[in-house]
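Worksheet: the structure to be examined is printed underneath.
The values are calculated or read from the model by the stated rules, or taken from the named source; none is laboratory data. Only a predicted model underlies this, so the values are computations on that prediction, with no experimental measurement involved. Here the Cβ positions follow ideal geometry from the backbone for every residue, glycine too, while neighbour counts run over all protein chains shown.
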């Protein structure tokens, strides 16, 4: 099941407002696919080579959506199960959102493999709005249909995907072997959508906590496979 409002505030407590959220549609942007493709392939100026593996994971169940919300007991159990799955893939690097729930979701894997968790703020969840949004689920759906759509204080899908693919581009540009990337539901879907355009609102809605996908990138194509089946 998808969590309650994934675009909830990053502040300590939600903001409640009587004002309708401001809707912004960016004018004359660079074409969406061209922007994110250029960011990813550039990899800060480093060339891509064949057969690079990413394991993009969503955090386990958490006690809330603020940045320092920890995992629940069920979430910690899910993190151990993630480690059971991922310790067999030859992981050489772990990169995580700076939010606590994402880091805790890969701590068991980090401990078992003796690998540090590298934190990247570009992998934090994409906020839908900074005010409570009535009908937020329909509005979230609209952001997948309209990549330039942005609500008050939130990020458009284009903006969120651009920062996320920049982070992934850095990983691929400095590839050290199979890499685990720990993030959040909406951002994970946008990352996967870059590699497979079929990912959208329905796929976001079908995500679980935790969840995991294998992405294989080479010079000619990319492939996405869901590997979490619990």
(message) Looking at region 44-52, can you tell me whether even one residue there is surrounded by 17 or more Cβ atoms within 10 Å (Cβ to Cβ), in contact with a helix residue (DSSP H, G or I) (Cβ under 7 Å, 6 or more places away or on another chain) and modelled with pLDDT of 95 or more?
(response) yes
(request) Hey, can you tell me all the residues within region 72-92 that are closer than 15 Å to residue 114 by Cβ and surrounded by fewer than 17 Cβ atoms within 10 Å (Cβ to Cβ)? (result) 87, 90, 92
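Do you know which of the residues in region 192-210 that are within 21 Å of residue 163 (Cα to Cα) and touching a strand residue (DSSP E or B) at 6+ places or on another chain (Cβ under 6 Å) is surrounded by the fewest Cβ atoms within 10 Å (Cβ to Cβ)?
196
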(request) Test residue 121 against the stated conditions and say whether it is crowded, with 21+ Cβ neighbours inside 10 Å and modelled with pLDDT of 95 or more. (result) no
(message) Between 129, 110, 105, which is touching a residue at least 12 places away in the same chain (Cβ under 8 Å) and closer than 18 Å to residue 155 by Cα?
(response) 129
(request) Kindly list the number of the only condition in (1) touching a helix residue (DSSP H, G or I) at 6+ places or on another chain (Cβ under 8 Å); (2) touching a residue at least 24 places away in the same chain (Cβ under 8 Å) that fails for residue 203. (result) (2)
(request) Might you let me know whether region 161-179 holds any residue that is surrounded by 22 or more Cβ atoms within 10 Å (Cβ to Cβ), touching a helix residue (DSSP H, G or I) at 6+ places or on another chain (Cβ under 6 Å) and under 21 Å from residue 87 (Cβ atoms)? (result) yes
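Just to verify a result, which residue in region 54-74, among those that are touching a strand residue (DSSP E or B) at 6+ places or on another chain (Cβ under 6 Å) and touching a residue at least 40 places away in the same chain (Cβ under 8 Å), is farthest from residue 187 (Cα to Cα)? Give the steps one after another, and end with the answer.
So in region 54-74, the residues touching a strand residue (DSSP E or B) at 6+ places or on another chain (Cβ under 6 Å) come out as 54-58, 60, 62, 69, 71.
Still in the running and touching a residue at least 40 places away in the same chain (Cβ under 8 Å): 54-58, 60, 62.
Values: 54: 15, 55: 14, 56: 10, 57: 11, 58: 9, 60: 15, 62: 17 Å.
Filtering first and then ranking leaves 62.
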(request) Within region 84-103, work out how many residues are closer than 13 Å to residue 181 by Cα and over 15 Å from the mean Cα position of the chain (by Cα). (result) 4
(request) Pairs only if they're at least six apart or on different chains, beta carbon under 6 angstrom, first in region 207-230 and without any contact (Cβ under 8 Å) to a residue 40 or more places away in the chain, second outside any strand (DSSP E or B); list them, first residue then second. (result) 222/195; 224/192; 224/195; 224/196
